[in-house]
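Asks: Here it is, the structure in full.
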Amino acid sequence: MDESVMIWDTGALRNIHGQTVTFKGWHVIWSLAVDKIDMSNDDIYDEWHSRNDRAYIGYWYSRTGNGADWQWGGRLLNPSADLRPHEWSGGLVMREGTGNVVDMFYTSEADSPINQSVPSVSTGRIFADADGVWFKGFKTTTEMFSADGIHNANSQQDEYFDFRDPHPFVNPADGRVYCLYESNVAGMRGQFTIGGEEQGVLPPGFAVDAGAQYGAASIGIAVLDDGAYKSGDFSTARWTQLDPLVTALGVNDQMERPHIVFRDNLTYLFTISHHSTYSGDLSGPDGVYGFVSENGLFGPYKPLNSSGLVLGNPSSAPYETYSHFVDPDGYVQAFIDTLPAPGEDPNNPATFRIGATLSPTVKLELDGDRTFISEVHGYGQIYAQAAWPVGSAWDHRPATV
Ligand code: FRU
């Protein structure tokens with residue numbers, strides 16, 4: 001998309017109801033990014049695999065939302081906003097009821113002196129004219145909440161704890177603002193007992209694998225005080241953490257970038273996970289997994305397609321896509337991680353070619369507790385469900401906000 005940067009996790013500008021929005025006719029996306037150091041690409045493998053230690057949030061804009069058209073806008077947050085050295089995933093949300101205020105919910109991360117990651121938010125304003133899109137503000141950051149050791153594991157309980165990727169949204173059933181995030185089950189790492197509740201119904205003679213208890217991923221959720229959204233007060237005192245919506249105890253240690261789609265009176269929860277984070281003898285591909293509830297946000301949830309797998313990478317290219325994000329119409333964008341070189345062993349990283357760009361967008365049909373791919377679109381194609389300002393000349397779609 002641009003020779004000077006490598007990108008991975010990406011999301012479209014959206015509203016708090018989850019709809020992708022255009023701003024004054026422009027499509028806008030954010031991406032985690034690193035600047036290329038060696039333009040000859042001799043060091044591309046190392047640059048790519050150390051990217052988390054240099055990650056910042058950048059943005060792109062395009063008239064068409066078409067992969068070939070994205071123009072790189074550069075860094076979104078002002079360096080003064082960084083409380084920690086790394087900016088990781090979150091979401092870019094137009095603040096409802098304001099002219100052009102946007103909130104970048106993101107993960108403020110440092111890996112030393114101890115592993116720290118704090119769901120955070122920085123606020124700015126979006127501007128556009130006939131030539132492009134730019135932002136102002138994003139000078140400070142507010143921390144939203146931290147791992148508390150009660151609803152989710154903290155660094156004392158689990159030195160590899162995950163606590164990131166905030167995804168705020170309005171729950172249509174009660175009109176309140178909630179925030180999903182990636183977390184782990186509270187408790188000491190590796191000391192969980194995997195009992196009947198975690199196993200479910202099993203064939204006779206089944207025994208839990210050694211090491212299964214190292215899988216303790218959860219999808220965390222917090223609720224914002226009424227009124228705080230309108231005033232843009234996302235500080236710690238205004239959030240209450242609740243019990244996780246879904247846990248993967250005994251199964252997998254990471255459920256990243258959780259997000260939600262409300263459709264046909266059903267609640268769909270999506271998350272991305274890795275082959276390498278399954279625990280015990282369990283396995284599954286890198287990809288996007290999903291769960292559905294017939295009873296609204298708080299479940300109970302059951303896995304989509306029985307197994308939970310929605311889109312998995314094929315064994316011939318096990319890491320070709322990752323960090324999928326499903327929009328309310330079922331369009332899924334993701335990035336290209338690594339591709340095996342033609343004729344090479346697909347599991348030999350030494351031969352991998354680096355993607356670092358967006359993959360083709362696909363469309364999912366959500367049919368109750370089953371999903372199907374129905375369309376394949378261009379690389380980095382984004383579709384919008386709404387336009388901003390609502391009711392403006394740009395707003396040629398039904399305004400539902
Ligand atoms: C998903 C992810 C996120 C995290 C980011 C770090 O690809 O691992 O959970 O915020 O990437 O690069």
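Asks: Looking only at the range 58-94, which residues are over 18 Å from residue 165 (Cβ atoms), touching a residue at least 60 places away in the same chain (Cβ under 8 Å) and either open to solvent by 20 Å² or more (accessible area, probe 1.4 Å) or among the acidic types (Asp, Glu) (or both)?
Replies: 61, 66, 68, 71, 72, 73, 78, 80
Asks: Please go through the range 26-70 and pick out each residue that is in contact with a Lys or Arg (Cβ under 7 Å, 6 or more places away or on another chain) and at pLDDT below 95.
Replies: Of everything in the range 26-70, just one residue is in contact with a Lys or Arg (Cβ under 7 Å, 6 or more places away or on another chain) and at pLDDT below 95, namely 69.
Asks: Whether any residue in the range 179-192 is touching a residue at least 24 places away in the same chain (Cβ under 8 Å), assigned to a strand (DSSP E or B) and hydrophobic (A, V, I, L, M, F, W, C) is what I want to check.
Replies: Looking only at the range 179-192, we keep the residues that are touching a residue at least 24 places away in the same chain (Cβ under 8 Å), and these are 179-190, 192.
Filter again for assigned to a strand (DSSP E or B), leaving 179-184.
Within this subset, residues satisfying the condition of being hydrophobic (A, V, I, L, M, F, W, C) are 179-180.
For the range 179-192, residues touching a residue at least 24 places away in the same chain (Cβ under 8 Å), assigned to a strand (DSSP E or B) and hydrophobic (A, V, I, L, M, F, W, C): present.
Asks: Out of 30, 88, 72, 8, report the one residue that is part of a strand (DSSP E or B) and more than 24 Å from residue 378 (Cα to Cα).
Replies: After applying the criteria, what remains is 88.
Asks: Also: Looking at 219, 260, 272 in this structure, which one is touching a Pro at 6+ places or on another chain (Cβ under 7 Å) and under 20 Å from residue 167 (Cα atoms)?
Replies: Sole residue among the options that is touching a Pro at 6+ places or on another chain (Cβ under 7 Å) and under 20 Å from residue 167 (Cα atoms): 219.
Asks: Take the residues of the range 326-343 that are of a type in the set (A, V, I, L, M, F, W, C) and surrounded by fewer than 21 Cβ atoms within 10 Å (Cβ to Cβ): which is farthest from residue 359 (Cα to Cα)?
Replies: 341
Asks: Report yes if residue 159 is loosely packed, with under 15 Cβ neighbours inside 10 Å, touching a residue at least 12 places away in the same chain (Cβ under 8 Å) and on the phi < 0 side of the Ramachandran plot, otherwise no.
Replies: Criteria met by residue 159.
Asks: Could you list, in sequence order, the residues of the range 177-209 that are of a type in the set (D, E, K, R), out of contact with any strand residue (DSSP E or B) (no Cβ under 6 Å at 6 or more places or on another chain) and modelled with pLDDT of 95 or more? Spell out the reasoning first.
Replies: Step one: of the range 177-209, the residues of a type in the set (D, E, K, R) are 182, 189, 197-198, 209.
Still in the running and out of contact with any strand residue (DSSP E or B) (no Cβ under 6 Å at 6 or more places or on another chain): 189, 197-198, 209.
Matches in the range 177-209: 189 only.
Asks: Next up: Tell me which residues, restricted to the range 355-391, are open to solvent by 20 Å² or more (accessible area, probe 1.4 Å), on the phi < 0 side of the Ramachandran plot and at pLDDT below 95.
Replies: 385, 389, 390
Asks: I would also like to ask the following. Please specify each residue of the range 113-150 satisfying the condition of being without any contact (Cβ under 8 Å) to a residue 60 or more places away in the chain, assigned to a strand (DSSP E or B) and surrounded by 14 or more Cβ atoms within 10 Å (Cβ to Cβ).
Replies: 116, 117, 118, 120, 122, 124, 125, 137
Asks: Within the range 338-373, count every residue that is over 15 Å from the mean Cα position of the chain (by Cα), within 16 Å of the ligand (Cβ to nearest atom) and assigned to a strand (DSSP E or B).
Replies: Residues meeting the conditions: 5.
Asks: Keeping to the range 93-112, report how many residues are away from the ligand (no atom under 13 Å from the Cβ), farther than 13 Å from residue 21 by Cα and assigned to a loop (DSSP other than H, G, I, E, B).
Replies: Counting residues in the range 93-112 that are away from the ligand (no atom under 13 Å from the Cβ), farther than 13 Å from residue 21 by Cα and assigned to a loop (DSSP other than H, G, I, E, B) gives 4.
The values are calculated or read from the model by the stated rules, or taken from the named source; none is laboratory data. Model, not experiment: these values are computed from the prediction. All Cβ positions, even for glycine, are placed from backbone atoms using ideal geometry, and neighbour counts span all protein chains on display. When the accessible area is computed, the model is the full protein with side chains, heavy atoms only, and any ligands, DNA or RNA have been set aside. Shrake-Rupley method; radii C 1.70, N 1.55, O 1.52, S 1.80 Å.
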